[in-house]
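First comes the structure, then the notes that go with it.
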Amino acid sequence: MDLHFHDARATPVEQAAVDALLGPPVTGWAGGERNATDRHGSTGGADRARAQRPHLLPALHAVNDRVGWISPGALNYVCQRLSVPPAEAYGVMTFYALFSPTPRPPRVVHVCTDLACLAAGASAIERELTDTIGPAGAPTADGTATWHRSPCLGVCERAPAALVIEAGSAPRAATVCPASPETVAAAVRGEPPAPEVRSIAAIPQAVRGDRDSLVLLRRVGVVDPASLDDYRSHGGYEALRRAIALGATGVIREVTDSRLLGRGGAAFPAGRKWEAVARNPVRPHWLVCNADESEPGTFKDRVLLEGDPFAVIEAMTIAGYATGCHTGYIYLRGEYPRARQRLEGAVAEARQRGFLGDDVMGMGFRFDVELFRGAGAYICGEETAIFNSIEGLRGEPRNKPPFPVDEGLFGQPTLVNNVETLVNVLPIVLGGGPAYATIGTDGSTGTKLFCLSGRVASPGVYEVPFGITLRELLDMAGGVADGGVLRAVLLGGAAGGFVTPDGLDVPLTFEGARAAATTLGSGVVLVLDDTVDLVEFVLRIAEFFRDESCGQCVPCRVGTVRQEEALRRLANLGADAGRRGGDDIAILADVAQVMRDASICGLGHTAANAVESAIERLGVFS
Amino acid sequence: MSSTPVALRAPVRKVELTVDGETVKVPEGSTILDACRREGHEIPTLCFGPTITPKNACRVCMVEVEGARVLVPSCSRTVEPGMVVHTASDRVKHSRRMVLELLGSSVDLSTTANVERWNHEYRADPGRFGRPSFSDAGVRDAAQAGHHHLPPAGDHAIAETVHQPATVDNDLYVRDYAKCILCYQCVDACGEQWQNTFAIGVAGRGFDARISTEFALGLPDSACVYCGNCIAVCPTGALMPSIEFDMRLAGTWDASRQTATDTICPYCGVGCNLTLHVQDNTIVKVTSPADHDITSGNLCIKGRFGFGHVQPRPAP
Ligand SMILES: Cc1cc2nc3c(=O)[nH]c(=O)nc-3n(C[C@H](O)[C@H](O)[C@H](O)COP(=O)(O)O)c2cc1C
Ligand code: SF4
Ligand code: SF4
Ligand code: SF4
Ligand code: FES
Ligand code: FES
């Protein structure tokens, strides 16, 4: 492509960071030295450019990891290397919250101000930081650090939380939990935070020694996540062996018979998706493991990824075997440093030991896993936005139809499943689909991971069979923290709805939640007591959707703004004599309906759910 | 002598569907919008343009299709046999009204065709959300994804808009992004679908999403070749030739006094069709017909802007 580049040049450091990822440039066209053959012939044209495009996000990460922001010169160099028009690459980089197009200190502390952390006093940390260090985004006096407000960091069981990311020749990222004005200030100064607690600490059932009821979580905290041998000595790779004995169609039959429903939020039958991909004659097929986990209050996938990474890889291998995919991407959100490190190690070891690669376990089929790091965008968990993100485009959802099973990643048939959905396949293959289907209820089979956070005595991930009631689950978690009075439970996350204390007998099943006009969503159970300011809480939900809308369609792009504005007015009604609250209640209802009816994707469809339910069920503004 | 076989076009199959209770037959591959327009149903469209693959971003053209959980964009959804479409149900009307209100409250639609009429028809009241906000140049360009900004202290009567001063950085055309509805058409026209120049893209996220060059560089520093094919597809007047922009500012632009004359570009052998828009015996704008099979509405810098020699430019 004949691309136009303005004059800015990458510094040698930026250039080296990109070259470390892509290798040295071979021609003058790609930003290298001009050589004698450069003037003759083409360098591959559009096909080559298209094939390289998935390197765009990794290359932007490489620069950002090294210098902390992406300069015009660095962007130019990345674009030259990959034949990407700079205007497009700028559009991609400015889509993600973790990249900065303006100079920024190398150390950035992301302070979670989202729901669970808000309930745990994050506002006080924010205020204190503003007073002592300065406003969010401003560099410290020595210019080495800054802090930002962040959406949920996925460690809600240890709320309040922060994440420090430091660029440099040895970039690092570490979770600061629990965050306090002191620990965050220390992180801003560059002091390494206290080491993270072990993964098992996130599973109260395991901590109590009540392991028998655990299926998906049974190995977490027991197995060494860095050791393939240890994984195997705990039953690892038995399911793959069994899968190969069953054959691809046999595996799909078990998954179908299990009546497994997707755990990423949409509860779609997994067997139907697998079958549709497997049957699609168009090749190649792609597999994507959705590990973007960014729904506020959700952290179950993180616990699996950190605690039992080989299980995720084995489950993906089975999915690839059954549906004819030779490559599976794990799309991991950018804010999960420990999961990333564990997965990198596990993938490398599985590859080295022949559990991934051209001949998996000597069984005669090819399958490999690519780890793909997100860069701060909730919307990229949407099943088609994830494709655009991997392809090096803006993470905007695509129009459906076509559906992923027909035209997904790179336009090919694609299987997208959530981490938890995939890990369920191991017990299904081992014990058989019908046996699995006896757990739980008719409409919701198996066990489910619930993420308990907020004002609950023992926050963490709980694994229970579908069908227990919310009350029973809360009791398992010791009820409200510090003997407080329960106000409400946010079920399903920011896209879900509130349950009031008189609704606690709702059975935790997909159908039960639907009947109670809410959703299990990604398994969020966020407990609120009378210490939590509900108005502030609802406002934070509205802010989240406004910040995370991709901006593509009008109902969501503008609707999420109008929703937040109306809520702010209602929250300040006393001070705003000119308006009647009724107007704003009507605005909220009107906006909610158009977002639900006319948005392109699930973000817009659900962006008013929790707000509406707070008004209707909790009476926050009445 | 061998005779050349006459190429017969494969017969196009017809698809039968129901629109507002009436049976309609349209060629396979038609969109719902095509089907509705054939039947004389007016469906408002904003982001849709005849020469660009629909991005279905504005959502003003939504219709209800029985069996679908959510409304369906008529401009991009192709018809299926047996589809039952409603173009004027309560849900449809609500959604049209709200899209008009949401866009109208955040974007300057003063030069977008038909909006006033539709606002009236759907009883849209874009003013109900509050006083419009105003921003200085560069403010929207600097917004970073995921960074929340609060309204100016305490002023909750403000409805945020995409307002910003018009960007005048070259002699040929003006980018007035306060009028931009983010239809993506200019990006697609500049990029893969027509010009393959890729000077502009969509940057930022959510309400801060905007059309931009890399790092918001001025056009003269960008890859822009001034073909003006983005102007040709822009449905809102956000992209406008400088002459028209200046005349509108001066209050001298008067479309009712303009004539349109078709001719052929004299510059090169491609032979693009030109439409000369003439007001007071002066060429004030050059376009090319969108349905012309050579140009599809596109031109190069010479055809679109190189008419100054024909007669003196009007004083701005
Ligand atoms: C805005 C949005 C964000 C989403 N984020 C996630 C996510 O982080 N992880 C996930 O597994 N699914 C997410 N989903 C759901 C996916 O679109 C998709 O349904 C899911 O990955 C399919 O896998 P499953 O069938 O195994 O649940 C999200 C959906 C939307 C609309
Ligand atoms: S609903 Fe929101 S997030 Fe989804 S495509 Fe539309 S603007 Fe983007
Ligand atoms: S400038 Fe015009 S063509 Fe481009 S996105 Fe905005 S409204 Fe559409
Ligand atoms: S518009 Fe440009 S390409 Fe078309 S005939 Fe004129 S000079 Fe040639
Ligand atoms: S980590 Fe703060 S809300 Fe999840
Ligand atoms: S005209 Fe169909 S979505 Fe804009």
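The values are calculated or read from the model by the stated rules, or taken from the named source; none is laboratory data. The model shown is predicted, which means the values in this text are computed figures rather than measured ones. As a convention, Cβ positions derive from the backbone with ideal geometry for all residues, glycine included, and neighbour counts pool all protein chains shown. With ligands, DNA and RNA removed, areas are computed over all heavy atoms of the protein, side chains included. Shrake-Rupley method; radii C 1.70, N 1.55, O 1.52, S 1.80 Å.
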Once the mean 1/r over all distinct Cα pairs of region A:107-189 is inverted, what Kirkwood radius in angstroms do you read off?
-> 12.3 Å
Rounded to the nearest 500, what is the 222 nm mean residue ellipticity of the protein assembly as shown from helices alone, with -39500 (n - 2.57) per DSSP H run of 4+ residues and division by all residues?
-> -9500 deg cm²/dmol
In order over region A:451-467: 3J(HN,Hα) from phi, Karplus 6.51/-1.76/1.60, θ = phi - 60°, whole Hz, x for each Gly or Pro, gives 9, 8, 8, x, 8, 10, 4, 10, x, x, 8, 10, 10, 9, x, 3, x
Built amide H within the under 5 Å cut-off of residue A:454, gap 5+ = A:527
Counting only DSSP beta bridges with both partners in region A:231-340, the antiparallel fraction in percent, to the nearest 5, comes to 10 percent
Could you grab the relative contact order for chain A? Cα pairs under 8 Å, six or more apart, rounded to a whole percent.
-> 12 percent
With bins of 5 Å, the percent of all Cα-Cα pairs of region A:534-616 per bin from 0 is 3, 17, 29, 25, 16, 7, 2, 0
Accessible-area order (highest first, 1.4 angstrom probe) of the listed residues A:100, A:213 = A:213, A:100
Where both partners of a DSSP beta bridge lie in region A:107-189, what percent of those bridges are antiparallel, to the nearest 5?
-> 60 percent
Taking region B:144-219, which GluC sites (Glu not before Pro) meet the DSSP loop condition and have no more than 15 other C-beta atoms within 10 Å?
-> B:192
Normalised contact order of region A:295-352, rounded percent, pairs of Cα under 8 Å and 6 or more residues apart = 46 percent
Grab the alpha carbons of chain A, take their convex hull, and tell me the volume per residue in Å³.
-> 161 Å³
Shape parameters for region A:228-437, alpha-carbon atoms, Rg then Dmax in Å | 15.6, 45
Cut-off 15 Å between beta-carbons: net charge of the residues surrounding residue A:185, Lys and Arg +1, Asp and Glu -1 = -3
Note, residue A:441: beta-carbon cut-off 13 Å, +1 each Lys/Arg, -1 each Asp/Glu, net +1
Convex hull projection area averaged over all views, region A:447-529, Cα basis, nm² = 4.4 nm²
Counting only C-alpha contacts under 8 Å and six or more residues apart, can you give the relative contact order of chain B as a whole percent?
-> 12 percent
Across the protein assembly as shown, qualifying lysine pairs (alpha carbons under 14 Å, at least 8 places apart or different chains) come out at 4
Name the long-range amide H neighbours of residue B:284: under 5 Å, sequence gap of 5 or more, or other chain; modelled H, no Pro or chain starts.
-> B:277, B:278, B:279
Across peptide A:586-598, what mean number of C-beta atoms from other chains lies inside 10 Å of a residue's C-beta?
-> 5
Where does the charge balance sit around residue A:66 when Lys and Arg score +1, Asp and Glu -1, over other residues with C-beta under 13 Å from its C-beta?
-> -2
Can you list residues whose amide H is under 5 Å from residue A:432's amide H, if they're 5+ apart or on another chain and H is modeled 1.01 Å from N?
-> none
At a probe radius of 1.4 Å, what is the per-residue accessible area of residue B:122, in Å² to the nearest 10?
-> 30 Å²
Interatomic Cα distance distribution for region B:83-176, bins of 5 angstrom, percent = 2, 11, 16, 18, 17, 14, 11, 6, 3, 1, 0
Solvent accessible area, Å² - residue B:15, 1.4 Å probe, full protein context = 10 Å²
Provide a whole-number value for the mean count of partner chain Cβ atoms within 10 Å of the Cβ atoms in peptide A:540-546.
-> 2
Hey, could you grab the Kirkwood Rh for region A:306-345? Inverse mean 1/r over distinct alpha carbon pairs, Å, one decimal.
-> 10.9 Å
What does the convex hull of the Cα atoms of region A:219-341 come to per residue, in Å³, rounded to a whole number?
-> 117 Å³
Taking trypsin sites (Lys or Arg not before Pro) as exposed when DSSP calls them loop (any state but H, G, I, E, B) and at most 10 other Cβ atoms lie within 10 Å, what is the longest stretch of chain A free of them, the sites themselves excluded?
-> A:209-622
Any idea of residue A:403's accessible area? Nearest 10 Å², probe 1.4 Å.
-> 100 Å²
Rounded if a/c is under 1.5, else prolate if a/b beats b/c, else oblate: with a ≥ b ≥ c from the C-alpha gyration tensor eigenvalues square-rooted, which is region B:14-93?
-> oblate
Beta bridges per DSSP with both ends in the protein assembly as shown, % antiparallel, nearest 5 | 65 percent
Please work out, to two decimal places, the log10 of the ratio I(q)/I(0) at q = 0.11, 0.13, 0.16 Å⁻¹ from a Debye calculation in which every Cα of chain B carries one identical scatterer.
-> -0.82, -1.10, -1.42
